[in-house]
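Engineer: Have a look at the structure that comes next, please.
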Amino acid sequence: MQQTEEIIVLDFGSQYTQLIARRVRELGVYSEIKPYHTPIAELEAIRPKGIILSGGPSSVYAKDAPLPDRRIFDLGCPVLGICYGLQVIAHLFGGEVEGADRREYGRASIEIDDHSDLLQNLAPQIEVWMSHGDHLTRLPKDFTVMAHTPNAPIAAIKNNRGIYGIQFHPEVAHTPQGMDILANFIRISGCSSTWSPEAFVDATVQEIRRLVGDNKVLCALSGGVDSTVAAYLVGRAIGHQLTCVFVDTGLLRQDEAPQVCSFFVHADFDFLFVDAAERFLGRLAGIIDPEQKRKIIGEEFIRVFEEQAEKIGDIDYLVQGTLYPDVIESTSVRGPSATIKSHHNVGGLPDEMGLELIEPLRQLFKDEVRRVGQEIGVPAVILQRHPFPGPGLAVRILGEITPARLNVLKQADKIFIKELQANKIYDEIWQAFAILLPVQTVGVMGDERTYENVIALRAVTSMDGMTADWAVIPPHLLAHIANRIINEVKGVNRVVYDISSKPPSTIEWE
Ligand code: XMP
């Protein structure tokens, strides 16, 4: 989505690329990430105020080293290369990069030799985060040194055409003055630092109106944060040209369908509720393989959705609430990476239906989406909801999905969530849920021996779902929750708490 002032981050595969864009946005300038090989015409059309070249794991001399189109330096905007980005600049402008005897990873102290523009207002010596094997040994033509370390005599460079390179990472918290450096770059780029959720909403609404014209748009609304914020944005732009379809797959949480419907019946867009529970559960009977479950649910979803689309007729666009972490978990700089799980919210629907995609949140992180949602009037109860996977409880019932097993899980999950909310820790947790295991264990209730189900509880803290840690819930509360589940949910005689982090585990169990 085109914004008025934008800084483009070209991605060379660094684990920190997403952070660069995020930091720039925190400084009030809209920033988007594009692959390093983005065609020059596409970049020209955006008319960026500045370009940042990210770090990356490669060496510029490697056979298939990722290199950008040289013409990015002629777009008339300042360019900042970070780490590998610096080496790209050096390489393309005739400098020399060498593998260092001593690699530099972690904290380092740099001495600033030139306190003008990019390194303005910084202390003479600053702590930075280095992560590089190669370093610069000869300056490219017409460049000067701005900073050095004992191991890297050339740690920052510039020329008089607004091209800058730094060997360290200003975007990470371990470079305490990193934000000042990025702020200096933004100032050099001539941006007015006015990006905010409000500005994002205005620009996105205009852009959607321009794109869609008089056409009709469809959206699969799940009632989760992402699809709801996306639907509200598109709804604000084009009102009843948008129809949102909410499908009850039978795999939703207790009372979820009526709750979601109550939120949307009065929205700015058309809202359709489809009860397809029987169809989904019918097709899932007897299936235990998680990927097969996902595939069936994905296919059935497309079918239900297509039927609705046909009824409405003449639809050209599909709205999806894809977020940045969904994009990077499914792709990499050089194309698709190994699929860990087939997340059906990226891909699937549009391919099958031949619709153009509108993904207004594609560059944002969850917390940014929540701020945009707040700005556009999405109810707070929705914005605070934990993420819920598209395949729903199907991937939280290990083994066969039957109405009876669904019922056990729904009840246990409801107790868990209500207790977290009542004890005011729900909002501190990224995601919490119950899982029904495919094992039975021995227990004793009264004088009777029982042989019943085990419920696992999972609660994690996370910034974006890509990495996560198990949440420390007070033991007395865990005990209370376990007690309630065992006493109130018929068929459960044991509760366990999952203390694995991601990686190496994942958040969901299937
Ligand atoms: P994992 O389990 O991969 O989850 O650590 C990361 C985030 O993605 C959600 N998730 C899914 N979302 N379809 C979805 O729409 C899926 O198949 C799926 N699997 C996991 C998960 O709930 C977490 O928020």
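Engineer: Which order do Asp142, Asp248 take by accessible area at a 1.4 Å probe, largest first?
Structural biologist: Asp142, Asp248
Engineer: Please give the solvent-accessible surface of Trp509 in Å², to the nearest 10, using a probe radius of 1.4 Å with every protein chain present.
Structural biologist: 90 Å²
Engineer: Compute the distance from the alpha-carbon center of segment 419-439 to that of segment 213-252, in whole Å.
Structural biologist: Using only Cα atoms, the two centres lie 27 Å from each other.
Engineer: Let me ask something else. Along the charge dipole of the chain, Cβ charges K/R +1 and D/E -1, which of Ala183, Met463, Ala309 sits furthest on the positive end?
Structural biologist: Met463
Engineer: Output the peptides 83-93, 155-165 sorted from most to least packed, where packing is the average of other Cβ atoms within 10 Å over each peptide's residues.
Structural biologist: Packing order, densest peptide first, comes out as 83-93, 155-165.
Engineer: On to the next question. Give the relative contact order (percent, whole number) for segment 197-383; include only Cα pairs under 8 Å separated by 6+ residues.
Structural biologist: Reported as a whole number, the value is 30 percent.
Engineer: Largest first, how would Glu291, Glu300 line up by accessible area (1.4 Å probe)?
Structural biologist: Largest accessible area first, the list is Glu291, Glu300.
Engineer: Under the 0.36 nm per residue contour assumption, what length would be gained going from the current alpha-carbon distance of Ala123 and Arg107 to full extension?
Structural biologist: The Ala123-Arg107 span can extend by a further 4.1 nm.
Engineer: For a quick protection proxy, order the peptides 366-372, 21-27 by their average other-Cβ count within 10 Å, most packed first.
Structural biologist: Details: 366-372: 19.1, 21-27: 22.1.
Listed from highest to lowest mean packing, they are 21-27, 366-372.
Engineer: Could you order peptides 202-212, 467-477, 314-324, 46-56 by the average number of other Cβ atoms within 10 Å of their residues, highest first?
Structural biologist: Packing order, densest peptide first, comes out as 46-56, 314-324, 202-212, 467-477.
Engineer: Same structure again: Taking 8 Å as the Cα distance limit and 6 or more residues as the minimum spacing, I'd like the relative contact order of the chain as a percentage. Each step should come with its number before you reach the end.
Structural biologist: Numbers: 996 pairs, mean separation 53.3, N = 510.
This gives 10 percent for the chain.
Engineer: If the cut-off is 21 Å between C-alpha atoms, which lysines fall inside it for Lys366, apart from same-chain ones fewer than 8 positions away?
Structural biologist: Partners within reach: Lys34, Lys341, Lys424, Lys502.
Engineer: Distance between Cα centroids, segment 465-510 to segment 119-180: provide it in whole Å.
Structural biologist: Centre-to-centre distance over Cα atoms comes out at 46 Å.
Engineer: Could you sort Lys63, Lys424, Lys490, Lys34 by their accessible area in this structure, using a 1.4 Å probe and putting the largest first?
Structural biologist: Ranked from most to least accessible, the order is Lys63, Lys490, Lys424, Lys34.
Engineer: If I require 24 Å or longer along the helix axis, counting alpha carbons, and a Kyte-Doolittle average no lower than -1.0, what helices from the chain are left? Use full DSSP H segments. Don't skip to the end; give the middle numbers.
Structural biologist: On the way: long enough: 290-312 (33 Å, -0.92); 403-422 (28 Å, -0.12).
Length and hydropathy pass: 290-312, 403-422.
Engineer: Within segment 399-507, list the GluC sites (Glu not before Pro) lying in a DSSP loop whose Cβ has at most 15 other Cβ atoms in a 10 Å radius.
Structural biologist: Details: sites: Glu400, Glu419, Glu428, Glu448, Glu452, Glu488; in loops: Glu400.
Listed in order of number, the matching sites are Glu400.
Engineer: Next question, about the same structure. Taking segment 6-189 as the region of interest, what is the percent of Cα-Cα pairs per 5 angstrom bin, listed from the shortest bin to the one with the maximum distance?
Structural biologist: Reading the bins upward from 0: 1, 9, 19, 24, 23, 16, 6, 1, 0.
Engineer: Taking the Cα centre of segment 55-214 as origin and charging only Cβ (+1 Lys, Arg; -1 Asp, Glu), how large is the dipole, in debye to the nearest 20?
Structural biologist: Around 260 debye, computed over segment 55-214.
The values are calculated or read from the model by the stated rules, or taken from the named source; none is laboratory data. Here the structure is a predicted model, which means the values were calculated and not measured. Note: ideal-geometry Cβ built from the backbone for every residue, glycine included; neighbour counts use all protein chains shown. Just the protein is used for accessible areas: all its heavy atoms, side chains included, with ligands, DNA and RNA removed. Shrake-Rupley method; radii C 1.70, N 1.55, O 1.52, S 1.80 Å.
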